[in-house]
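**Student:** Below: one structure in structure tokens.
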Amino acid sequence: MAAIPDHAVTLVGNHDTQPLQAMEASVEPWFKPLAYALILLRENGVPCIFYPDLYGAHYSDTGDDGESHEVEMSRIDCLPRLIEARKRFANGPQTDLFDDPHCIAFIRHGTSDAPGCVTILSNGAEVWKQVDLGPDHAGAGFRDYLGHCEEEIFADDAGKLDLRVNGGSVSLWVRSETI
């Protein structure tokens, strides 16, 4: 992905990895929003969205045991919002904040023409993470674009702020006036 990022297709699942297929590899439903946040909002890669993750699917097929099985694939509620966030906020250079094995974050700094965002992911408990966005964001309010955290959080005079993510979740913090 580092060598030729525009040729690296990233995915969470596809028709080969869905239940009852040859390369079945299930991703836990709670983790799919985190995985999609990674492929949609990071700087490198070309994300591929799996239709059932966006719209849901129901089918029956024969398993390796020779029995017929009903499969229900639920849509991921926040996926349309993540796709929209990619268009609106995943702009500019990226800074990774990989300082905790259970909670990572990355900043997309935006450009002069397009806003950025801060994405925080936790595969464990609720976490508050300090982020330094610099003096251009001093006093600015931020909200979770995905709506997982309801509060508005304000940066201090230096542009630093503590942002929250719920346990086993993802939050996408953007300047309040951009929502």
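**Student:** Search region 147-179 for residues being among the aliphatic types (A, V, I, L, M) and free of Cβ contacts under 8 Å to residues at least 60 places away in the same chain, and hand back the single one that is nearest to Ala114 (Cα to Cα).
**Tutor:** Here the answer is Ile179.
**Student:** Let me ask something additional. For region 48-78: of the residues being closer than 15 Å to Ala22 by Cα and assigned to a loop (DSSP other than H, G, I, E, B), which is nearest to the chain's Cα centre (by Cα)?
**Tutor:** Gly63
**Student:** Condition test on Ala3, is it among the hydrophobic types (A, V, I, L, M, F, W, C) and either farther than 29 Å from Ala125 by Cβ or assigned by the TED database to the domain that holds Cys117 (or both)? Give the steps one after another, and end with the answer.
**Tutor:** Working: among the hydrophobic types (A, V, I, L, M, F, W, C): yes; either farther than 29 Å from Ala125 by Cβ or assigned by the TED database to the domain that holds Cys117 (or both): yes.
When the stated conditions are applied, Ala3 passes them.
**Student:** Tell me, please, whether a residue that is outside any loop (DSSP other than H, G, I, E, B) and touching a Phe, Trp or Tyr at 6+ places or on another chain (Cβ under 6 Å) can be found in region 131-140.
**Tutor:** Checking region 131-140: not a single residue is outside any loop (DSSP other than H, G, I, E, B) and touching a Phe, Trp or Tyr at 6+ places or on another chain (Cβ under 6 Å).
**Student:** State yes or no: is Ile104 crowded, with 19+ Cβ neighbours inside 10 Å, assigned to a loop (DSSP other than H, G, I, E, B) and either of a type in the set (D, E, K, R) or at pLDDT 95 or above (or both)?
**Tutor:** Criteria not met by Ile104.
**Student:** Ok, one more. Which is of a type in the set (Asp, Glu) and either under 17 Å from Val12 (Cβ atoms) or not assigned by the TED database to the domain that holds Trp128 (or both), of Asp96, Asp113, Asp64?
**Tutor:** From the options Asp96, Asp113, Asp64, the qualifying one is Asp64.
**Student:** While we're here: How about region 89-101: which of its residues are in contact with a Pro (Cβ under 7 Å, 6 or more places away or on another chain) and outside any loop (DSSP other than H, G, I, E, B)?
**Tutor:** Listed by number, the list holds a single entry, Phe89.
**Student:** Moving to a separate point now. Here is a list of conditions, (1) over 25 Å from Ile104 (Cβ atoms); (2) in contact with a Gly (Cβ under 9 Å, 6 or more places away or on another chain), and Cys78 meets all of them except one; can you say which number that is?
**Tutor:** (1)
**Student:** Here is a check on your reading of the model: is Arg143 at pLDDT 95 or above and not assigned by the TED database to the domain that holds Leu161?
**Tutor:** No: the conditions fail for Arg143.
**Student:** Same structure, new question: Considering region 43-60 alone, what residues qualify as being surrounded by 12 or more Cβ atoms within 10 Å (Cβ to Cβ) and touching an Asp or Glu at 6+ places or on another chain (Cβ under 9 Å)?
**Tutor:** If the condition is that a residue be surrounded by 12 or more Cβ atoms within 10 Å (Cβ to Cβ) and touching an Asp or Glu at 6+ places or on another chain (Cβ under 9 Å), then Asn44, Gly45, Val46, Gly56, Ala57, Tyr59 are the ones that fit.
**Student:** Also, quick follow-up: Would you confirm whether or not region 10-21 contains a residue that is part of a strand (DSSP E or B), assigned by the TED database to the domain that holds Asp144 and either at pLDDT 95 or above or out of contact with any Asp or Glu (no Cβ under 6 Å at 6 or more places or on another chain) (or both)?
**Tutor:** The answer is no; no qualifying residue exists.
The values are calculated or read from the model by the stated rules, or taken from the named source; none is laboratory data. Since the structure is predicted, the reported quantities are computational estimates derived from the model, not experimental observations. Cβ sites come from the backbone with ideal geometry, for glycine too, and all protein chains shown count toward neighbours.
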